[in-house]
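**Student:** Could you have a look at this structure, given as C-alpha cells, before my questions?
The values are calculated or read from the model by the stated rules, or taken from the named source; none is laboratory data. All values derive from a computational prediction rather than experimental measurement. Because the Cβ atoms are built from the backbone with ideal geometry, glycine has one as well, and the counts that use them run over all protein chains shown.
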Amino acid sequence: MEIWLNQGEQEICLPVIPPQYEISQSMNNTSVNIVEFGEVNMIGKRNLFTTSITSFFPHEKYNFVEVSDILSPIDYVALINKMKSSPVKFIISDLKLNLDVTIEQFNYSQNDATGDINYTLELKEYRKPATKKMKTPKPTKSSKGKDKSKNITKIQVARGCKLVKSTTYRVKKGDTLPKIAKNLTGLSKNARAIANQNKISCLKDIKKWVGKKLVIKV
C-alpha cells in the first residue's frame, strides 16, 4: 500500500505507512419534532471527508521503509508546509481513494535519540463551490431610448367630460393638440394619444391639419 500527497510537481509518498488510520464522513441530518407524530430525521447532504494520519519521517532508511528515495525528515516537513496554501491530491492505492483535500493541521516533533520526526497530519476534503451564471435579460426596445409615449393610444377621460366612446373634431387655425385634448377629454395629456390615433408623428404637425377632421376614440 502507498499513501501519496500530490500537488502538481510536488509530491510525497509517505515513507512509513501508519499502523492505522481512519477516514470519517458524516451526514448533515436534522431531527424535527412534529406535533402528534413525534421525532423524524430529515436526511441532509453529506459533510466533507476527514482523516487523521499519525506516523513519522525516518532519519535513516530502516528495513521496513519501502520508498526507494527518502528525503531527510526536515525536508518532508518543509514540503508539507508548502502544500498548506492550496488543495492537495490525497491518494491511498489499496483503497483506490483519490481525493482533493486541504491540510487542516500539521503537528510534528523530533525524537532526539533517533533523529526521526513524529507527526500528525489532519486532512479535510476540498470541494470547489459550484457557481451558476446568471442570465442577463435582453433589453426591451423601450430601454434602448425609444420614446414609449409614441405607442400610447388609450385616452383617459376626465370626470364630468361629455365625450363618450368616439367623436370627430375639425381642426381650426390656432388649435394645438394639448388644447384640443383639454377641450374634448378634460385632460391635455391626452394630446399624444390623439396624435397616435390619427398617425400624427409630431404634436406640432397639427398646423397641417387645419380644416381636417380628427377622429378621437375613447
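**Student:** Within the stretch 115-136, track down each residue that is under 26 Å from Phe49 (Cα atoms), surrounded by fewer than 17 Cβ atoms within 10 Å (Cβ to Cβ) and more than 27 Å from the chain's Cα centre (by Cα).
**Tutor:** Selection gives Asn118, Thr120, Glu122.
**Student:** Using the structure shown, decide if Leu5 is part of a loop (DSSP other than H, G, I, E, B), surrounded by 14 or more Cβ atoms within 10 Å (Cβ to Cβ) and within 41 Å of the chain's Cα centre (by Cα).
**Tutor:** On the way: part of a loop (DSSP other than H, G, I, E, B): no; surrounded by 14 or more Cβ atoms within 10 Å (Cβ to Cβ): yes; within 41 Å of the chain's Cα centre (by Cα): yes.
No, not satisfied.
**Student:** So, one more: Please specify each residue of the stretch 108-142 satisfying the condition of being closer than 12 Å to Phe56 by Cβ and not aromatic (Phe, Trp, Tyr).
**Tutor:** Step one: list which residues in the stretch 108-142 are closer than 12 Å to Phe56 by Cβ, which gives 108-111, 114-121.
Ser109, Gln110, Asn111, Thr114, Gly115, Asp116, Ile117, Asn118, Thr120, Leu121 - these are the residues of the stretch 108-142 that are closer than 12 Å to Phe56 by Cβ and not aromatic (Phe, Trp, Tyr).
**Student:** Residue check: is Phe64 over 41 Å from the mean Cα position of the chain (by Cα) and not small (Gly, Ala, Ser)?
**Tutor:** Criteria met by Phe64.
**Student:** For residues that are outside any helix (DSSP H, G or I) and surrounded by 13 or more Cβ atoms within 10 Å (Cβ to Cβ), scanning just the stretch 67-83, find the one that is modelled with the lowest pLDDT. Give the derivation first.
**Tutor:** Looking only at the stretch 67-83, we keep the residues that are outside any helix (DSSP H, G or I), and these are 67-72.
Of the ones still in play, those that are also surrounded by 13 or more Cβ atoms within 10 Å (Cβ to Cβ) are 67, 70-72.
Numbers: Val67: 86, Ile70: 89, Leu71: 92, Ser72: 93.
Out of the qualifying residues, it is Val67.
**Student:** Same structure again: Determine if the stretch 91-107 includes at least one residue that is among the aromatic types (Phe, Trp, Tyr), buried (at least 16 other Cβ atoms within 10 Å of the Cβ) and either under 35 Å from the mean Cα position of the chain (by Cα) or outside any loop (DSSP other than H, G, I, E, B) (or both). Show your work before the answer.
**Tutor:** Here is the first cut: in the stretch 91-107, the residues among the aromatic types (Phe, Trp, Tyr) are 106.
Right, trim to buried (at least 16 other Cβ atoms within 10 Å of the Cβ) and you get none.
The answer is no, given that none of the residues of the stretch 91-107 is among the aromatic types (Phe, Trp, Tyr), buried (at least 16 other Cβ atoms within 10 Å of the Cβ) and either under 35 Å from the mean Cα position of the chain (by Cα) or outside any loop (DSSP other than H, G, I, E, B) (or both).
**Student:** Which one of these is surrounded by fewer than 13 Cβ atoms within 10 Å (Cβ to Cβ) and touching a Ser or Thr at 6+ places or on another chain (Cβ under 6 Å): Glu39, Glu22? I'd like the intermediate steps shown before the answer.
**Tutor:** Details: Glu22 fails: touching a Ser or Thr at 6+ places or on another chain (Cβ under 6 Å).
Going through Glu39, Glu22 in turn, just one is surrounded by fewer than 13 Cβ atoms within 10 Å (Cβ to Cβ) and touching a Ser or Thr at 6+ places or on another chain (Cβ under 6 Å): Glu39.
**Student:** I need every pair where a residue in the stretch 95-124 that is assigned by TED's automatic domain parsing to the domain that holds Tyr62 and on the phi > 0 side of the Ramachandran plot has its Cβ under 8 Å from the Cβ of a residue that is assigned to a loop (DSSP other than H, G, I, E, B) and surrounded by fewer than 16 Cβ atoms within 10 Å (Cβ to Cβ), sequence separation at least 6 or different chains.
**Tutor:** Gly115/Glu60
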